[in-house]
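The values are calculated or read from the model by the stated rules, or taken from the named source; none is laboratory data. All of these numbers come straight from a predicted model, not from anything done at the bench. Note that we place each Cβ from the backbone using ideal geometry, even for glycine, and neighbour counts take in every protein chain shown.
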Amino acid sequence: MAAIQSETSARYPGSARGSFAPVQDLVGRMREDKGLMRRVLMIGGVAIVAIAALAFWLMGGRYVSTDDAYVQTAKLMVSTDVSGLVKTVNVREGQHVKKGQVLFTLDPHPFQIALDNAKAQLGQVVQTVEATKSDYQSMLSAADAQRAQVDLNQRNYVRYAALLKSNAIAPALYDQARLTLAASQQQLIQAEQTAKTELAKLNGNPNIAADQTPQYQQAQAAVDEAKRQLDHATVRAPFDGIVAEVDSLQPGTLVISAMSAFSTTSAVGLVGTEHVWIEAHMKETDLTHVKNGDPVSITIDTYPGHTWHGHVDAVSAASGAAFSVLPAENASGNWVKVTQRIPTRIIIDRKKGDPELRSGMSAVVDIDTGHRTWQRLLFGH
């Protein structure tokens, strides 16, 4: 600029009056010399661009954005873990439903029959347990009576043995007493063993309550399972959402249990409306200063002119390619470096009156990282 002023003073002596020269006079003289004007504009323009570029560089790095972003919601194909024929379909395509609302039902009759049969089995178990307790007491009495008979036969045997030594009786009477004692002892062993078997059925406790026996608990589990299956014959919405894919389910359709290996289960689609987020695929080079909690501005292609606000909830631990079934490999060494995309979850801070968002809508996100280059130069961070 000093050179320009010197040259201007030399060419236009009238302007040599220094900084006190009238501006109009200087401009008028410069208009007469278009070459000087051109040089001034060129140098001034370069200076302005340089200053603007420096300012952009110093203030830059705060915002990162991408249009590779989409609305996501909870999605589920709602089915059931029991098999049966569809009786009613209680919703229509696109209908808004609340958590717990009935979507469709299966014919309940087979499940009710199974429940009634399980309850009958449970009642029979109770009767069997009571009968076993009665039988055990009878067997104890029989064993006691047999034990008394063994004692009597033992005394007779001892008496006959003494008489035989004094030749007071014939050997045949002694042998008969011995065989009678042995037979009664064997009968006692059998009676005691039978009583032990019955006691084992009572879990070792002759006074046990029926509902404490293994047989009762097994029968009760069958009743509970039958109740569960009857309850699951009515399929309800697990969360608030919008119904989809209803046409594939009609009354009379056979629904195969989702637990079956041969399941071709028909189901009702449900798209959540409560939990909505944005999945943005950010360039790895844009994530340098992104952190959880950073504020985000969001626009949806469907609703131009409307802006949502949210915040970064999580940055994925790996790129999308790392989770692919066949991850990229470079065994040959011939490769082209490609900037990877990292899935980033953004929670939308929704307000009453916001337009309805649907899964899959395209979005543009702008993340405010709060980072500025001049801060890094001055403070090192």
Expected single match for assigned to a helix (DSSP H, G or I), of a type outside the set (A, V, I, L, M, F, W, C) and either exposed (fewer than 14 other Cβ atoms within 10 Å of the Cβ) or modelled with pLDDT under 95 (or both) among Lys119, Lys133 is Lys133
Across region 209-238, the tally of residues that are buried (at least 16 other Cβ atoms within 10 Å of the Cβ) and modelled with pLDDT of 90 or more stands at 14
Condition (residue is assigned by TED's automatic domain parsing to the domain that holds Lys196, within 60 Å of the chain's Cα centre (by Cα) and in contact (Cβ under 8 Å) with a residue 24 or more places away in the chain) applied to region 140-159: is it met by at least one residue? yes
Residue match in region 159-173 (condition: polar (S, T, N, Q) and either assigned to a helix (DSSP H, G or I) or under 30 Å from Ala237 (Cα atoms) (or both)): no
Kindly indicate whether Leu152 is hydrophobic (A, V, I, L, M, F, W, C), surrounded by 12 or more Cβ atoms within 10 Å (Cβ to Cβ) and in a loop (DSSP other than H, G, I, E, B). no
Residue, farthest from the chain's Cα centre (by Cα), within region 199-222, restricted to residues that are assigned to a helix (DSSP H, G or I) and more than 21 Å from Gly123 (Cβ to Cβ): Leu199
Within region 66-101, the residues that are over 26 Å from Glu274 (Cβ atoms) and touching a helix residue (DSSP H, G or I) at 6+ places or on another chain (Cβ under 8 Å) are Val82, Gly84
It is to be established whether one or more residues within region 171-189 are closer than 17 Å to Asp135 by Cα, at pLDDT 90 or above, surrounded by fewer than 16 Cβ atoms within 10 Å (Cβ to Cβ) and among the polar types (S, T, N, Q). no
